[in-house]
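Accompanying notes for the structure given below.
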Amino acid sequence: LNKDMGNVERARAAWPDTPHWVLLLAAASDATSQREAGRRIGRSSGYVSRVLSNTYAGSLAEAEMLVRSAWGAEIVACPLWGDIPLSSCMAHRRRKAPARTSVHHLYRNACPTCPNNTDGALLGEEVA
């Protein structure tokens, strides 16, 4: 691919019918850098580059969730709190630290069986 192309153009060239989430990642990379876009989703610049060039061999569903969470401004219906941002939903359900407050305990109990929790499906596990 042409090195003079921006990330959006590279993504469009690499992805037939480029998904919206890939364009979000490409636009974010053009606005800042692939390194900064990767930092925002907790991944490396190489990860971003491989996703944009459609050569990433891992879970594209996971990549999509990370991008949608970071830049998609999507809202999900939380069984505990009603409408919340997807980014908050993902942060709470993926929290590794011990539950220290009553709110943490609520999430710890509700998230594993929540219909918004697709983490098990992304890992090939059966989701309740």
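The values are calculated or read from the model by the stated rules, or taken from the named source; none is laboratory data. Note that this is a predicted model, so its numbers are computed, not measured. For neighbour counting, all protein chains shown are included, and Cβ atoms are generated from backbone atoms with ideal geometry for every residue, glycine included. Only protein heavy atoms, including side chains, enter the accessible area calculation; ligands, DNA and RNA are left aside. Shrake-Rupley method; radii C 1.70, N 1.55, O 1.52, S 1.80 Å.
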Yes or no: residue 57 over 16 Å from residue 7 (Cα atoms) and under 11 Å from the mean Cα position of the chain (by Cα)? no
I want to confirm something. Restricting to the stretch 1-12 and keeping residues that are more than 13 Å from residue 50 (Cα to Cα) and open to solvent by less than 70 Å² (accessible area, probe 1.4 Å), which single residue is modelled with the lowest pLDDT? 5
Quick check: is even one residue across the stretch 54-73 more than 30 Å from residue 109 (Cβ to Cβ) and β-branched (Val, Ile, Thr)? yes
Selection from the stretch 4-35 of residues among the basic types (Lys, Arg) and either touching a Leu at 6+ places or on another chain (Cβ under 7 Å) or in contact (Cβ under 8 Å) with a residue 40 or more places away in the chain (or both) yields 10
Of all residues making up the stretch 94-111, the number that are at pLDDT 85 or above and either closer than 20 Å to residue 61 by Cα or of a type in the set (Val, Ile, Thr) (or both): 3
Among (1) among the polar types (S, T, N, Q); (2) open to solvent by less than 50 Å² (accessible area, probe 1.4 Å); (3) in a loop (DSSP other than H, G, I, E, B), which single condition is residue 29 missing? (3)
Scanning the stretch 50-72 for residues that are open to solvent by 50 Å² or more (accessible area, probe 1.4 Å) and assigned to a helix (DSSP H, G or I), the one nearest to residue 28 (Cα to Cα) turns out to be 71
